[in-house]
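Just below is one structure, and these are the notes that go with it.
FYI, it's all coordinate maths here, none of it is from the lab. Since the model is a prediction, treat every value here as computed from it, not as a measurement. Quick reminder, even Gly has a Cβ in these numbers, built from the backbone with ideal geometry, and neighbours come from all protein chains shown.
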Amino acid sequence: MTDPFMLAAIAQAKKSLAEGGIPIGSVLVIDGKIVGRGHNQRVQKGSCVLHAEMDCLENAGRLTAKDYQNAVLYSTLSPCDMCSGTVLLYGIPKVVVGENRTFQGPEDYVKSRGVQLIVQDNIECVQLMQDFIAAKPELWNEDIGE
Ligand SMILES: [Zn+2]
């Protein structure tokens, strides 16, 4: 059974795909409630910084330090350097990752900074990325700075 919050992140990834974008989604959860949702906006907004996690945090708006300290960030894909840095900046204590087979961010470093990082190895997340990369490899390389 898939975690309902991961399902919400996957729904965001599918929304992005339907818009012609990169299928990565994210949600921010505080006290068991989703307070922000987002997906990669590279194509849709021509953005170089709105990865799914950044879009999600932006949509959650300005939160207090205490809110971030009680938050869990869900992402369908292992967060990159930028998104992991934002997790550390705001002191988000827990990150739940859909998969890290397609791409792995600085997970060991994030964990070394005291963040609990859980990888669910969700096959639907893997499949979304594999299908996308096979169809649009240039777009994916652009997103990870290659
Ligand atoms: Zn990122």
Measure off 7 Å from each Cα along the Cα-to-Cβ vector at Lys94 and Glu124, then give the distance between these two points in nanometres to one decimal. 2.1
Per-residue Cβ neighbour rank within 10 angstrom, fewest leading, Ser47, Ser78: Ser47, Ser78
Rh (Kirkwood, all Cα-Cα pairs) for the chain, Å, reads 14.8
Environment charge at Val126 (Cβ cut-off 10 Å; Lys +1, Arg +1, Asp -1, Glu -1): -3
Return one number: the angle in degrees, 0 to 90 and rounded to the nearest 10, between the long axis of the Cα atoms of helix 81-90 and the longest principal axis of the Cα atoms of the chain. 20
Between Asp31 and Phe103, 0.36 nm times their residue separation minus their Cα-Cα distance comes to what? 23.0 nm
Along the charge dipole of the range 4-144, pointing to its positive end and built from +1/-1 on Cβ of Lys, Arg, Asp and Glu, which listed residue (Gly21, Leu7, Asn59) has its Cα farthest out? Asn59
What helix-only [θ] at 222 nm does the chain give? Using -39500 (n - 2.57) per DSSP H run of at least 4, over all residues, to the nearest 500, the answer is -12500 deg cm²/dmol
To the nearest Å, what is the center-to-center distance of the range 8-85 and the range 97-126, using C-alpha atoms only? 15
